[in-house]
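This report refers to the structure that appears directly beneath it.
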Amino acid sequence: RSRRGSAGNTGGTGSSGSGMDAPSAAGLGGADPQLQRFIEVETQKQRFQQLVHQMTELCWEKCMDKPGPKLDSRAETCFVNCVERFIDTSQFILNRLEQTQKSKSAFSESLSD
């Protein structure tokens, strides 16, 4: 098995993970439901780990001037703000994608009527 999107890929967390995982999940249509659920859970874990990796890398680059034995208050504040903005941005993008999907499905349903 190849783990293409796990380590070192910081650019396309959502697209590479979902593009690679969706066909394999769809191909298991007749498989055991317990196996399907296990694969879904593991896929979610992998996506979460990729997000944490991305967030850590981004915030480290932005906030850490010179590593030392103790985190100064400026760096700590920077990390907190960076993580909060990362989460806000991720949530905003997810909500926007959901709205786009809903509007596309509503549009395609209106065309089929």
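We did not get these values from a lab; they are worked out from the coordinates using the rules stated. Keep in mind it's a predicted model, so treat the numbers as computed, not measured.
Per residue of segment 38-49, what does 6.51 cos²θ - 1.76 cosθ + 1.60 with θ = phi - 60° give for ³J(HN,Hα)? Whole Hz please, x for Gly and Pro, Karplus curve as stated.
4, 5, 4, 5, 5, 5, 4, 4, 5, 4, 4, 4
What full-extension length gain, to one decimal in nm, is calculated for K70 and R96 as 0.36 nm per residue of separation minus the Cα-Cα distance? It would help to have the intermediate numbers written out before the result.
On the way: separation 26, 0.36 × 26 = 9.36 nm, distance 3.88 nm.
Residue separation times 0.36 nm, minus the Cα-Cα distance, leaves 5.5 nm.
How many times 2.2 N^0.38 Å is the alpha carbon radius of gyration of segment 33-111? Kindly include the intermediate steps, with their values, before the conclusion.
Details: Rg = 18.7 Å, N = 79, 2.2 N^0.38 = 11.6 Å.
In units of the globular-protein estimate, segment 33-111 measures up at 1.61.
Compute the length gained on full extension between I87 and E40: take 0.36 nm times their separation in residues and subtract their Cα-Cα distance, giving the result in nm to one decimal.
Contour length minus the Cα-Cα distance gives 14.7 nm.
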